[in-house]
Amino acid sequence: MSEETTAASTLSPTAAGTSPDNPWPLQLLSQKLKMYIDRAPSAWVEGQVIELNRRGTNAYLTLRDIDAEISLPASVWTSVLDRQATPLERGSRVVALIKAEFWLKTGRLNMSVKDIRPVGLGDLLARIERLRQALAAEGLFADSRKKRLPLLPHRIGLITGRDSDAKKDVLRNAALRWPAVEFEIREVAVQGNTAVAQILAALRELDAHPVVDVIVIARGGGALEDLLPFSSEELIRAVAEAATPVVSAIGHEADRPILDDVADLRASTPTDAAKRIVPDVVEELARVRQARDQLRRGVTRLVERETDRLTSLRSRPALAAPEGMITTRLDDVGRLKNRSHAAVNTAVVRAADQLVHLRAQVRALSPQKTLDRGYAVVQLDDGNTVPGTRHEVIRHPDQAPAGTALAVRVAGGRFTARSTGDENTGDGNTNG
């Protein structure tokens, strides 16, 4: 015992501390692996049964992932399988409670199924509906996110099954409607565990293609289990994030996949998708002819209307006899000329009469008229006989004392006199 205790004390307590000189015994490694794996909790997993073999009280099965190429062998007691109402078969979709177990003697890791339950259609539908509601709450199905399809795409991206009827329907019906249509085709698995990965890769490739204007994901219907890839959350989010408009053409009306909700356009069948992504060349040519006819009629009506307007304008008197305007204006000018002459003559006559009247007034107020009435103008006579020379007018007797030489102007002419002095009269008048 002492030797075993001494050997155990020299071993490293952890795997990282082992070395070529101080290795662990294989038993110790196996024990530690078993202790570690036994502490791992059980887990519910989902998968598809691809192998199932019964051997006495034990059964051995292989589960495969729904969306990836990953398989896991497991063992289960037949009593667990016998509890199922419906016997499990290959291809069944199940959820299983798995516990990892490590066999110490053989060093083998085993996945033990403690419970297993088949996933029915009702469970799948309920799960799809919960995912649909969650994605709708995020706004992934809102109309504001959906993109409009181009009227005439340069090239159409088509994701469909290999040599499938859906592919033939899309190509044939699109070519019938628009013979010059071009496609960029990606053939992928449209069911099974590799479908989601292949569809995602094709979608991302076509979305990045510089010439592809619209992408069609087409499949010709199928059972609910076959359509599960088109309700994959990863695929739905990829379609929502795509910059290119996406058309869902899954020919299944009863249980529509979530792809129909997130796509920018849902077509009921691949044939319907072909009809909705390209216009009908016959209809478009008919529209062109109709537009040309409408344009021709519009131009014809415009020309006719303008011709009628020109005819109406030419029939008006101003254009039918343009000299009439000149004649009318000539008469107006003559009439206005006569009126202006009469007005000027009247003004001249009135002004002449006024001038005669003013002249009579001026003459009545002139000094000569005063002299004619017997008055005289007495001025000092300083002996200056130059015509136009002014002489001081006598206005007071003090200006002409006795002996002053005076010049007297009367109506008939001028004569001289001499003052005899200031003579005071009784009535207050002074005479020179």
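General remarks:
- Electrostatic dipole magnitude of segment 126-277 [Cβ: Lys, Arg +1; Asp, Glu -1; Cα centre; debye, to 20]: 340 debye
- Our Cα-only numbers for segment 269-405 put the radius of gyration and Dmax at 50.2, 155 Å.
- Computed over the chain, the per-residue total of -39500 (n - 2.57) for DSSP H runs of n ≥ 4 gives a 222 nm mean residue ellipticity of -13000 deg cm²/dmol, rounded to 500.
- The share of Cα pairs per 5 Å bin across segment 193-339, counted from zero up to the longest distance, runs 2, 8, 11, 12, 9, 6, 5, 4, 4, 4, 4, 4, 4, 4, 3, 4, 4, 3, 3, 2, 1, 0, 0 percent.
- At full extension, K114 and H154 could sit 8.7 nm farther apart than now, given 0.36 nm per residue minus the alpha carbon distance.
- Violating pairs (Cα-Cα greater than 18 angstrom) within the set K34/K99; K32/K114; K168/K275; K147/K168: K32/K114; K147/K168
- For segment 147-279, the Kirkwood hydrodynamic radius comes to 14.2 Å, computed from all pairs of different C-alpha atoms.
- Rounded if a/c under 1.5, otherwise prolate or oblate - segment 121-185, Cα gyration tensor axes: oblate
- D332 paired with A134, simple spin-label distance in nm, labels 7 Å along Cα-to-beta-carbon: 9.2 nm
- When you restrict to C-alpha pairs under 8 Å that are six or more residues apart and normalise by the size of the chain, the relative contact order lands at 9 percent.
- Segment 23-119: C-alpha gyration tensor shape, a/c 1.5 cut-off, then a/b vs b/c: prolate
- Rounded to 0.05, the FRET efficiency of the R204 and E101 pair, given R0 = 30 Å and the Cβ-Cβ distance, is 0.15.
- Diffusion constant of segment 240-322 at 37 °C, which comes from Stokes-Einstein with the Kirkwood Cα-pair radius and 0.692 mPa s, µm²/s: 183 µm²/s
- Within the chain, the selection of entire DSSP H helices by a Cα span of 27 Å or greater along the long axis and an average Kyte-Doolittle value of at least -1.0 returns 281-314, 323-364.
- With eigenvalues of the C-alpha gyration tensor scaled by 5 and rooted, the chain, Å: 138, 44, 18
- For segment 121-224, share of DSSP beta bridges that run antiparallel, in % to the nearest 5: 0 percent
- Efficiency of FRET from Cβ geometry, D163 and R39, R₀ 41 Å, rounded to 0.05: 0.20
- Max mean-square fluctuation residue, GNM over the chain, Cα-Cα springs under 10 Å, options L149, L33, L265: L33
- Computed lengthening from V80 to R54, 0.36 nm per intervening residue step minus Cα-Cα distance: 8.2 nm
- Candidates A343, A137, A240, ranked by Gaussian network fluctuation over the chain, Cα under 10 Å, top entry: A343
- The relative contact order of segment 23-119 comes to 29 percent, based on Cα pairs under 8 Å that sit 6 or more residues apart.
- The length gained by stretching the chain between Q294 and D226 to full extension, at 0.36 nm per residue less their Cα-Cα distance, is 19.3 nm.
- Using a simple spin-label model with pseudo-atoms 7 Å out from Cα toward Cβ, E283 and A343 lie 7.9 nm apart.
Readers should treat all values here as calculations from the given coordinates under stated rules, not as data from a laboratory. Source: prediction; values computed, not measured. With ideal geometry, Cβ positions are generated from the backbone for all residues, glycine too; neighbour counts draw on all protein chains shown.
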